[in-house]
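Below: the structure, in structure tokens.
The values are calculated or read from the model by the stated rules, or taken from the named source; none is laboratory data. The structure displayed is predicted, hence computed values, not measured ones. Cβ sites come from the backbone with ideal geometry, for glycine too, and all protein chains shown count toward neighbours. Accessible surface areas use protein heavy atoms only, side chains included; no ligands, DNA or RNA. Shrake-Rupley method; radii C 1.70, N 1.55, O 1.52, S 1.80 Å.
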Amino acid sequence: MRWLVIIAAIVVVAVLGRKVLGRWANRAAARAVLRFRVHVDRFKLTGRKPYITAALISDEVVADAVRRHAMEHHIPKAAAWRRAERYIDEIVPFFNILAYYKFGYHVSKFVLNLLYKVSVEYQNADSLKRVPKDSTVIYLMNHRSNADYVLVGYVLSGRVAISYAVGEWARTFPLEYIFKSFGSYFVRRKYREPLYHTVLERYVQLITRHGVTQGIFPEGGLTRDGTLRPAKIGLLDYILGVARDPAVRARMYIVPVAVNYDRVLEDRTLLRELDKAEGRRRTPLYVQMWEVMRFLFWNLGRLATRQWKRYGRAAVTIGEPVPLAPWFDREEQLAGRSLFDIPRTERLARVQVLADSMMSRIGQIVPVTAVPLACAAIQSMDADFLVRDKLLARMEEMRDVLVELNGRVVRADREIAETFDRAWKMMKMRHMLIETGEGFTVVSRNRPLISYYANSIAHLLGPFAAGVQARDTLPAMAITGNYPGSGSGPGPVIGSHRSGV
């Protein structure tokens, strides 16, 4: 009898405690939303994972895909459904306001401001304010670092809670739980099974119809050589599929976002992956592990001795929103019918042109920070020894041209010597340059790093790019103002602004 009383008491305490904790969590979540004055998609709050899972399982398109999968692979339908349910469980997140705004915001703020000086610029802030609140907004971003997820989410935290499409690299504990609690969903890259893609497509279209704000990296992965990569259209095509409904189409917008850094934390790893892809000799694993351990201990030592210095600037430019309704109207007028009635290959070609144009917009607003500007100047000067005055003059010339062309130069009001000094601190720490007499010597083994950062703005520099390409140890493109996937049309001609360049 005594044990029954104890068990009953435990149950009562647990039930009451759960209710009290639930009330506290609800109040804390409400306070977080009011504090940030942020737009949180209602579907994120009411569309809990069980509801979304049930909606996908009852979706006729998913059911047809399951039947086809069972027939093609000669397996029972129940086995095919179990496979589909695993995909659903893998993809569907569970958004948590407390995790996003109480934990995620404060951790990202601490980490980002520890590593970088963060800056954000709006191409046209008023145009963003004019976007109706019930709109479906897709943020398209260039992808330079895995820190992009944190950086852009932090920058936009006062405006919207953004849901990312995240690659498989984050499907490890505890990253998987963290990303899912932030509302992000996972995407298997280069996985071709039709059943999986049907589930993914229907999930993406479900949240798009309900106005969930999404963040997509159209390049499909990190840039290995620093250049903008061609756009891939898989997720974008899925999203555009909801435009069959005219009411949804009328409130769809794309916002281009561009990011750049004075230091990408994984830059050497990316360069090694590029070497591997091109058949060059790989750095032994034990050497890579030693370098990682040395990096960690060195930085912990700097923190402990209060000698820590940030890695320069992390900059974000938010572009003007692009309404999709006019694009649909124009394309359907040219096709003479709905885009969803023409052959799929023709429709995908039109979507590719749209994606390329968005990448072109992203390229035009890439922030120009100190290190990329200095590296671009170094690459354009065909020498291993650089006289300081000539290097500063070249940097100033490049900066002035970029400003004339409406380039997003961070702190363009500074004296060029101050801009270089900020870049020099980073390049000295990275052993990219050595000060020698009246100038600097380029460290040959780190020439790829200089090329990597120069390539991030090379597409903005017109004829200056000839110098970048001539000295580039990476397979940089022949730049004429275009880059792979940017569509046709000439870019800015810098020689028209400056003679003798």
- [ ] Give me a count of the residues in the range 240-263 that are charged (D, E, K, R), closer than 17 Å to Gln214 by Cβ and out of contact with any Phe, Trp or Tyr (no Cβ under 9 Å at 6 or more places or on another chain).
- [x] 1
- [ ] Return yes or no: is Leu296 in a helix (DSSP H, G or I) and buried (at least 21 other Cβ atoms within 10 Å of the Cβ)?
- [x] no
Task: Residues (touching a strand residue (DSSP E or B) at 6+ places or on another chain (Cβ under 9 Å), of a type outside the set (Phe, Trp, Tyr) and either surrounded by 20 or more Cβ atoms within 10 Å (Cβ to Cβ) or not in a helix (DSSP H, G or I) (or both)) located in the range 193-210 - done: Leu200, Val204, Ile207, Thr208, His210
- [ ] Would you mention how many residues in the range 221-242 are closer than 19 Å to Leu270 by Cα and charged (D, E, K, R)?
- [x] 3
Open item on the list: For the range 175-190, give me each residue that is of a type outside the set (Lys, Arg) and open to solvent by 60 Å² or more (accessible area, probe 1.4 Å).
Closed with: Leu175, Tyr177
TODO: Report the residue count in the range 307-328 for those that are open to solvent by 60 Å² or more (accessible area, probe 1.4 Å) and modelled with pLDDT of 95 or more.
DONE: 2
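If I go through the range 83-133 residue by residue, how many of them are surrounded by 13 or more Cβ atoms within 10 Å (Cβ to Cβ) and part of a helix (DSSP H, G or I)?
Count: 25.
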Task: Residues (among the β-branched types (Val, Ile, Thr) and either within 17 Å of Gln364 (Cα to Cα) or open to solvent by 80 Å² or more (accessible area, probe 1.4 Å) (or both)) located in the range 409-428 - done: Val409, Val410
- [ ] Could you figure out which of (1) polar (S, T, N, Q); (2) surrounded by 17 or more Cβ atoms within 10 Å (Cβ to Cβ); (3) not in a helix (DSSP H, G or I) isn't true of Asn406?
- [x] (2)
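Quick one: in the range 361-391, which of the residues that are outside any helix (DSSP H, G or I) and over 30 Å from Tyr139 (Cα atoms) is modelled with the lowest pLDDT?
So the first thing to find is which residues in the range 361-391 are outside any helix (DSSP H, G or I), and the list is 365-369, 381-387.
Those still in the list that are over 30 Å from Tyr139 (Cα atoms) too: 381-387.
On the way: Met381: 87, Asp382: 78, Ala383: 88, Asp384: 92, Phe385: 95, Leu386: 95, Val387: 96.
Per the stated criteria, the residue is Asp382.
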Open item on the list: Could you list, ordered by first residue, the pairs with Cβ atoms under 8 Å in which the first is in the range 252-273 and closer than 13 Å to Ala147 by Cα and the second is acidic (Asp, Glu) and surrounded by fewer than 24 Cβ atoms within 10 Å (Cβ to Cβ), at least 6 apart or interchain?
Closed with: Val259/Asp148
Open item on the list: Cβ contacts < 9 Å: first residue under 21 Å from Met358 (Cα atoms), restricted to the range 322-344; second residue part of a loop (DSSP other than H, G, I, E, B) and among the polar types (S, T, N, Q), any location; separation 6+ or different chain. Result?
Closed with: Pro323/Ser135; Phe328/Ser338; Glu332/Ser338
Open item on the list: So the check is Cβ under 6 Å with 6+ separation or different chains; which pairs have a first residue in the range 423-444 that's outside any strand (DSSP E or B) and a second one that's small (Gly, Ala, Ser)?
Closed with: Ala423/Ala370; Ala423/Ala374; Met426/Gly312
TODO: Answer with yes or no whether Met432 is within 22 Å of Lys309 (Cα to Cα) and open to solvent by less than 10 Å² (accessible area, probe 1.4 Å).
DONE: yes
- [ ] Give me the pairs, please: first residue somewhere in the range 102-131 and modelled with pLDDT of 90 or more, second residue anywhere and open to solvent by less than 50 Å² (accessible area, probe 1.4 Å) and among the basic types (Lys, Arg), beta-carbon distance under 7 Å, and either six or more positions apart or on two chains.
- [x] Tyr116/Arg313; Lys117/Arg313; Ser119/Arg313; Glu121/Arg408
Task: Hits in the range 144-161 (condition: surrounded by 20 or more Cβ atoms within 10 Å (Cβ to Cβ), within 16 Å of Pro218 (Cα to Cα) and not small (Gly, Ala, Ser)) - done: Arg144, Asp148, Tyr149, Val152
Open item on the list: For the list (1) surrounded by fewer than 20 Cβ atoms within 10 Å (Cβ to Cβ); (2) under 15 Å from the mean Cα position of the chain (by Cα); (3) polar (S, T, N, Q), I need the number of the one condition that Thr213 fails.
Closed with: (1)
